[in-house]
Structures are given as C-alpha cells and as structure tokens.
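Have a look at the structure that comes next, please.
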Amino acid sequence: MGNKVVTKGKYRIGFDLGGTKMMVALFDADFKILASHREKLKSRSGPKTGIEQLTEAISQTLADAAVKPEQLAGIGLGCPGQVDLDKGVIIEAPNLGWRDVPLKQLLEKIFNCPVVITNDVDAGTYGEYIFGAGKGGRCVLGVFPGTGIGGACVYDGHLIRGKSGSCLEIGHIQVQSDGPLCGCGRRGCIEAIASRLAISAQIAMAAFRGSAPHLLEEAGLDLREIRSKTIVRSIEAGDAVVEKIVRDAARKLGNAIASVVNLLAPDIVVLGGGLVEALPKLYQKEVGDAIKSEAMKAFTAELRIEVAKLGDNAGVLGAAALIV
Ligand SMILES: [Zn+2]
C-alpha cells in the first residue's frame, strides 16, 4: 500500500475537516493508523476557536502515540468549501463560518512540517483511489451524495483540479431547468434532487402524508432525524414509498453521472457517503443501470461501478497520502 507515495519522513497526519465534525489520524510509513481522534466541531465558532480545536486534536493524536511533531513527514488536510490549493488558504467554508483562513501557513508555523491543504471530496476520492475501491484505475470518478453531492476525479494518478481550486462539482449539474431550488442559487441541480438531504425531505413529506408509517414512528418529521440508517430501517420494515424515493433519486443521480462518463470515460466510478454505504446494492444497481442506458456504449463496456470501501477513513487516508 502507498506505493504511489514517496516520503522521507516516517509518520504523517491525515485530517478530515467536515462541516460539523473533524477526524484526525496518525499513520506510520505503511499507512497503518497508530492513533486517531474524532470530535464535533464547536459550531460556528469562527476560525480562531476552530484552529485551536484543530491544533489540539493533532497534538492529542500525536501524544497518544508518543510521536513528536519533528517526526512528521507532513500533515494533509481535507477541507470543505472553497480552497486555494496552491496557497493552502480556505477562501470560504460557509458551514464552518471561515473566510480567508491561511490554514497551511498557520499549521506549518505551529508544527514545523509540510502541510498540504486539499478539498475534502478530493481527499476522499484520492483515498479510495490509493487504498480502496478505486485502486488500480486509470480514471477514477468519485461521487458522494450527502448533504450535497460531492464529486472528484483522479486521472493517471493525479487529482483533476482547476487553476487554483478544486473542481468536478457534479452536484451542480443542472438536470431540470425548472426543478427545485439548489443551495447554489440555481434551480434543478442534481444535488437539489438526489442528495441525501433532498431524499430526506421527500421522505419527510411522504411520512407527513401517512405513507411511511415506520419512518414516522422512528424519526418523526425532523429532517435531522431522517438519517441513512433510519432510511434503511424503514425500507426493511416495509415502507415501500421510502424505497421508491431512494431508488428514483439513485436513478437520477446515475443519469447525471452518465453525462460525466461521456466527458471523462472513467474506468471506475466510486460511489460513497453514508446512504450509499448503507444501501450498496440498491445504489450500484440503479446508478449502474442508468449509466448503462444513458452514457455512450463505448464508455460503459468496461466501466465498473464500485461502492467506497474505506468509509469515514477515506478522507484522512487520502489527505495523508497527498503529502509528498
Ligand atoms: Zn446547485
């Protein structure tokens, strides 16, 4: 493992900074986890408290394994929002309430080692490419439906990126010009139709109408309570309408991915995120069928649709593997 990565130092830190939680892991040279730590972000705490919390989490993880900062080859960090990849500056992360935070510079000063800042979806896709479901692929497309729908692509060993930031915003492919309003301000983006949040909203409506009794009993109508596991349990308990909502969304997601397949001709599409990992067969089938019927035949003959294998570890592994 890790044969695509050259490093001089022995240990490395991988950090996955989510919108609401953070995970940090310390790896040895073979990418074995020596210590890890996860916690909720102090909500809307702003950059100062956030960076203190982040720094403490790294220090704590190092201390747990009795590793000193000077033994690090580097720190790799996957962040949500808009990132200047060259400068390592978080331009804007609305969920965190951060704006223009020079994270790379700040962490390099504190830990005195190289710091690589990347986009969180890029980190997760890279992790799956090096260690998981995308291993061995030439062109690996990662798609992660969650609160939004994240996308990333590794081509010939490198993450495809824009001039200074990340790209592959699959979630904002418009599939219905008069569709529901998206968080980006446009209508009918695939994210507004097929993200886990969009699915949960449709399920809440079905529950309100009385057609998803098991779900209503377990989760009520609060979107925050309609989580991946709740959705799976309600399908298993016989809420047929919930299964239909998820299948339709997965099919539509597949249609959107088919357009990206036509552009990039990937050999592996990796699907990840909580709902996909909770319903792997359903997603593999619906997305796979949609891509096969919608994308160009020449591009689908040898295309593999895989479900992510690394779960929550994909982000920390990918971020750590990006340290060179
Ligand atoms: Zn959008």
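The values are calculated or read from the model by the stated rules, or taken from the named source; none is laboratory data. All values reported here derive from a predicted model rather than from experimental measurement. With ideal geometry, Cβ positions are generated from the backbone for all residues, glycine too; neighbour counts draw on all protein chains shown. Keep in mind that these areas ignore ligands, DNA and RNA; they rest on the heavy atoms of the full protein, side chains included. Shrake-Rupley method; radii C 1.70, N 1.55, O 1.52, S 1.80 Å.
Filter segment 170-185 down to the residues that are touching a strand residue (DSSP E or B) at 6+ places or on another chain (Cβ under 6 Å) and either of a type in the set (A, V, I, L, M, F, W, C) or near the ligand (Cβ under 9 Å from one of its atoms) (or both), then identify the one that is most open to solvent (accessible area, probe 1.4 Å).
Restricting to residues being touching a strand residue (DSSP E or B) at 6+ places or on another chain (Cβ under 6 Å) and either of a type in the set (A, V, I, L, M, F, W, C) or near the ligand (Cβ under 9 Å from one of its atoms) (or both), the top hit is 181.
Here's the yes/no breakdown for (1) within 14 Å of the chain's Cα centre (by Cα); (2) open to solvent by 20 Å² or more (accessible area, probe 1.4 Å); (3) within 30 Å of residue 72 (Cα to Cα):
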site	(1), (2), (3)
268	no, no, no
277	yes, yes, no
287	no, no, no
290	no, no, no
296	no, yes, no
302	no, yes, no
306	no, yes, no
321	no, no, yes
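Quick check on segment 187-204. Is at least one of its residues within 12 Å of the ligand (Cβ to nearest atom), open to solvent by 60 Å² or more (accessible area, probe 1.4 Å) and outside any helix (DSSP H, G or I)?
yes
Among the residues that make up segment 236-246, is at least one of them open to solvent by 50 Å² or more (accessible area, probe 1.4 Å) and within 29 Å of residue 30 (Cβ to Cβ)?
Within segment 236-246, not a single residue is open to solvent by 50 Å² or more (accessible area, probe 1.4 Å) and within 29 Å of residue 30 (Cβ to Cβ).
Restricting attention to segment 141-152, does a residue exist that is more than 18 Å from the chain's Cα centre (by Cα) and not assigned by TED's automatic domain parsing to the domain that holds residue 91?
Our first condition is that a residue be more than 18 Å from the chain's Cα centre (by Cα); within segment 141-152, this holds for none.
No, segment 141-152 contains no residue that is more than 18 Å from the chain's Cα centre (by Cα) and not assigned by TED's automatic domain parsing to the domain that holds residue 91.
Hey, another quick one. Of everything in segment 205-229 that's open to solvent by 10 Å² or more (accessible area, probe 1.4 Å) and in contact with an Asp or Glu (Cβ under 6 Å, 6 or more places away or on another chain), which residue is farthest from residue 149 (Cα to Cα)?
Applying the first criterion (open to solvent by 10 Å² or more (accessible area, probe 1.4 Å)) to segment 205-229 yields 205, 208-211, 213-214, 216-225, 227-229.
From the residues that got through so far, the ones that are in contact with an Asp or Glu (Cβ under 6 Å, 6 or more places away or on another chain) too are 214, 219.
On the way: 214: 27, 219: 23 Å.
Checked segment 205-229; the qualifying residue farthest from residue 149 (Cα to Cα) is 214.
Let me ask something else. If the requirement is being more than 21 Å from residue 167 (Cα to Cα) and open to solvent by 70 Å² or more (accessible area, probe 1.4 Å), which of these qualifies: 100, 28, 64?
Working: 100 fails: more than 21 Å from residue 167 (Cα to Cα); 28 fails: open to solvent by 70 Å² or more (accessible area, probe 1.4 Å).
None of the others qualify; the one that does is 64.
Residue-wise test of (1) at pLDDT 95 or above; (2) surrounded by 20 or more Cβ atoms within 10 Å (Cβ to Cβ); (3) under 22 Å from the mean Cα position of the chain (by Cα); (4) not charged (D, E, K, R).
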| position | (1), (2), (3), (4) |
| --- | --- |
| 18 | no, yes, yes, yes |
| 24 | yes, yes, yes, yes |
| 40 | no, no, yes, no |
| 50 | no, yes, yes, yes |
| 77 | yes, yes, yes, yes |
| 80 | no, yes, yes, yes |
| 96 | no, yes, yes, yes |
| 109 | yes, no, no, no |
| 116 | yes, yes, yes, yes |
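Quick one: is residue 128 touching a residue at least 24 places away in the same chain (Cβ under 8 Å) and charged (D, E, K, R)?
Yes.
Residue under question is residue 218, and the condition is that it be modelled with pLDDT of 95 or more, away from the ligand (no atom under 16 Å from the Cβ) and in a helix (DSSP H, G or I); does it hold?
When the stated conditions are applied, residue 218 passes them.
Let me ask another. State which residue pairs qualify: first residue farther than 13 Å from residue 143 by Cβ and inside segment 169-183, second residue polar (S, T, N, Q) and more than 10 Å from the ligand (Cβ to nearest atom) in any location, beta carbons under 8 Å apart, and separation of 6 or more residues or different chains.
Note: pairs meeting the criteria are 175/255.
Within segment 246-266, does at least one residue satisfy the condition of being away from the ligand (no atom under 16 Å from the Cβ) and not in a helix (DSSP H, G or I)?
yes
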